[in-house]
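Chemist: Here it is, the structure in full.
The values are calculated or read from the model by the stated rules, or taken from the named source; none is laboratory data. Please read these numbers as outputs of a predicted model, since none were measured by experiment. Cβ: placed from backbone, ideal geometry, glycine included. Neighbour counts: every protein chain shown.
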């Protein structure tokens, strides 16, 4: 019997729950952004800044965490707990201290900053426990994250309107609960390499490994497409409704198209046990790239075919994410796996901001039906990186 079979059965479910609970701080902003606009009497243009503040906070946080090698130098379970508590504090602080746009942006930025100790650190903890089958384990982790992303759309589709204060309290409490459970139930994994120390040049040193560099660029290509596709799904559906004089439920289908990606992550994770992470990532990225290529034509198709293509796109566009993270973890220096996962997250999420802004700018000239061809840049880069690997 190998080490993999001796891992307690509750380890993975605990990590998955803690990851979902911690990252709920991220999605809380998506669910209450309109309420905050009314409560603080903000202009409509300010709502985009609220979401962007969390993204920027996460990017800065991951950059600092990676530079200091936090997840490798300290117990990742302790880092996760500390960041879950601090992230929860700044999340609920919106209720107590936000009195205008500037204070709100700061608090959401701070929440995003401490998410840097939750999302990539959760993957680091999984890699410390699952030397074998890491693609499957990360498939469940990212799958939970995808459901969290889709959840606000489901709330809108069901017409539920919880008070925004309750959403803040619940998400903060959930994050703390997840951090506490992880700390007490998931100690440092058997595969964790101790002895990492601060090195000012650790990031360029990690990128000096050719296999890691290929995996990282594959992930960057994937991220160029992913979050921009998610962000524009409501616009795709609304445009299809207008062009074809139909009435598809935008919130419901947005939830389903994003949410099906959780199945892509989980099923891809199981397939990776036999076929390997690189092969799964390649085919997921290839199929989502084909969907990018087909995007100008899908608006002319029947509703059923149109929705099937979008569901396939939603399934594959994120199904490669846990596999890229698996390859990153396996090709990084063993002492700095946490640092490697954190820095690729940092760069990847920074690219999402660029991608979203590029498409927002180009849709005025290219039109909604053609602009998603720009997303094809990501799969092309990612596939080229995988082939080189």
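Chemist: Do we find a residue being within 14 Å of residue 116 (Cα to Cα) and touching a residue at least 12 places away in the same chain (Cβ under 8 Å) anywhere in region 26-47?
Modeler: Scanning region 26-47, I find at least one residue that is within 14 Å of residue 116 (Cα to Cα) and touching a residue at least 12 places away in the same chain (Cβ under 8 Å), so the answer is yes.
Chemist: Checking residue 123 against (1) touching a residue at least 12 places away in the same chain (Cβ under 8 Å); (2) farther than 30 Å from residue 314 by Cα; (3) assigned to a helix (DSSP H, G or I), which test does it fail?
Modeler: Residue 123 satisfies all of (1) touching a residue at least 12 places away in the same chain (Cβ under 8 Å); (2) farther than 30 Å from residue 314 by Cα; (3) assigned to a helix (DSSP H, G or I) except (2).
Chemist: Which condition from (1) closer than 21 Å to residue 150 by Cα; (2) buried (at least 17 other Cβ atoms within 10 Å of the Cβ) is the one that residue 34 breaks?
Modeler: With (1) closer than 21 Å to residue 150 by Cα; (2) buried (at least 17 other Cβ atoms within 10 Å of the Cβ) applied to residue 34, the lone miss is (2).
Chemist: All but one of (1) buried (at least 18 other Cβ atoms within 10 Å of the Cβ); (2) in contact (Cβ under 8 Å) with a residue 60 or more places away in the chain hold for residue 270; which doesn't?
Modeler: The one condition residue 270 does not meet is (1).
Chemist: Has region 40-48 got any residue that is farther than 19 Å from residue 174 by Cβ, at pLDDT below 90 and under 19 Å from the mean Cα position of the chain (by Cα)?
Modeler: Yes, the conditions are met somewhere in region 40-48.
Chemist: Give me a count of the residues in region 279-291 that are within 20 Å of the chain's Cα centre (by Cα) and buried (at least 20 other Cβ atoms within 10 Å of the Cβ).
Modeler: Qualifying residue count, region 279-291: 7.
Chemist: For region 68-88, indicate whether the set of residues that are closer than 19 Å to residue 49 by Cα, crowded, with 24+ Cβ neighbours inside 10 Å and touching a residue at least 40 places away in the same chain (Cβ under 8 Å) is non-empty.
Modeler: yes
Chemist: Scan 117, 57 and give me the residue that is buried (at least 24 other Cβ atoms within 10 Å of the Cβ), touching a helix residue (DSSP H, G or I) at 6+ places or on another chain (Cβ under 6 Å) and in a loop (DSSP other than H, G, I, E, B). So that I can check it myself, show each step before the final result.
Modeler: Details: 57 fails: in a loop (DSSP other than H, G, I, E, B).
The conditions single out 117.
Chemist: Quick test for you: out of 322, 379, 296, pick the one residue that is in contact (Cβ under 8 Å) with a residue 40 or more places away in the chain and part of a loop (DSSP other than H, G, I, E, B).
Modeler: Among 322, 379, 296, only 296 is in contact (Cβ under 8 Å) with a residue 40 or more places away in the chain and part of a loop (DSSP other than H, G, I, E, B).
Chemist: Quick one: count up the residues across region 357-384 that are modelled with pLDDT of 90 or more, under 30 Å from residue 204 (Cα atoms) and surrounded by fewer than 22 Cβ atoms within 10 Å (Cβ to Cβ).
Modeler: 8
Chemist: Consider residue 181 carefully, then state whether it is over 23 Å from the mean Cα position of the chain (by Cα), surrounded by 16 or more Cβ atoms within 10 Å (Cβ to Cβ), touching a residue at least 24 places away in the same chain (Cβ under 8 Å) and closer than 15 Å to residue 12 by Cα.
Modeler: So residue 181 does not fit the description; no.
Chemist: Oh, and also: Run down 309, 305 and say which single residue is modelled with pLDDT of 95 or more, surrounded by 16 or more Cβ atoms within 10 Å (Cβ to Cβ) and more than 27 Å from residue 211 (Cα to Cα).
Modeler: None of the other options fit; the residue is 309.
Chemist: If you don't mind, another one. In region 203-247, which residues are more than 24 Å from the chain's Cα centre (by Cα) and crowded, with 16+ Cβ neighbours inside 10 Å?
Modeler: 239, 240
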